[in-house]
Amino acid sequence: MRVRLQREVDVEASARAVWDYVTDWPRQEEWVPLTRVERVDSAVDVGGRFRAWTGLGQVGFWDPMTITAWERSDDGGGRCEVLHLGTVVKGEGEFAVVARGPQASRFVWAEVVDVPLGGVGAAGWRVARPVIERVLDRGLDRMRQHVEEQAKISTRTSEPS
């Protein structure tokens, strides 16, 4: 069974600031729950690779990913698609940052993944989905807070004295 999950959040910061933050893969541990990300290579264009450890301590799984699309827009935003190649998570993911103004943007995170175990997996997904959505929404709120705080600091330090 394939499922689609999409979450989004508005951020009071430039699209460039959001893009730079969310595609700094190792920094995702600051906002993606229970996840640590490592670059396998530079991971800044099509073909780039990184992997995420999701779990608690030694209990979890690796989620290796390859970037399959990498588009930047003139306003600083962009879109990145990945292919999940792990044994647990298989499917596609997408991050998109869309400018809503010079200091406002929207971050969209979408996943289309294969739920394993047939009917049992489908039943488990129906139970797990609202919990996963809440956890992801909290993570997106943390990301928003981090980027907005960085934007405030940048504005203060760039203001003339």
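Short version: ³J(HN,Hα) in whole Hz for each residue of the stretch 91-107, in order, from phi by Karplus 6.51 cos²θ - 1.76 cosθ + 1.60 (θ = phi - 60°), x for Gly and Pro, what are they?
Ordered by residue, 3J(HN,Hα) equals x, 10, x, 8, 10, 9, 10, 10, 5, 10, x, x, 10, 8, 8, 10, 10 Hz.
Which values, in whole Å and largest first, are the semi-axes of the equivalent ellipsoid of the stretch 2-158 obtained as the square root of 5 times each eigenvalue of the Cα gyration tensor?
The answer is 27, 17, 15 Å, longest axis first.
Please give the contour-minus-distance gain from residue 152 to residue 39: 0.36 nm per residue of separation, less the Cα-Cα distance, rounded to one decimal in nm.
Fully extending the segment from residue 152 to residue 39 adds 37.9 nm.
How big is the gap, in Å, between the Cα center of the stretch 3-61 and the Cα center of the stretch 99-138?
Between the Cα centres of the stretch 3-61 and the stretch 99-138 lies a distance of 14 Å.
For a quick check, take a GNM of the chain with Cα springs below 10 Å and name the residue from 46, 59, 32 with the largest mean-square fluctuation.
59
Tell me the label-point distance for the pair residue 117, residue 8, using the 7 Å Cα-to-Cβ offset, in nm and rounded to one decimal.
3.2 nm
Considering the chain as a Gaussian network with a 10 Å cut-off on Cα pairs, which listed residue, 18, 82, 112, attains the greatest mean-square fluctuation?
Per the Cα network of the chain with a 10 Å cutoff, 112 tops the list.
Using Cα springs under 10 Å in a Gaussian network model of the chain, which residue among 128, 52, 151 shows the largest mean-square fluctuation?
Looking only at 128, 52, 151, the biggest GNM fluctuation is shown by 128.
Here, each number is a calculation from the coordinates, and none is a lab measurement. Since the structure is predicted, the reported quantities are computational estimates derived from the model, not experimental observations. Every residue, glycine as well, gets a Cβ built from its backbone with ideal geometry; the counts of neighbours run over all protein chains shown.
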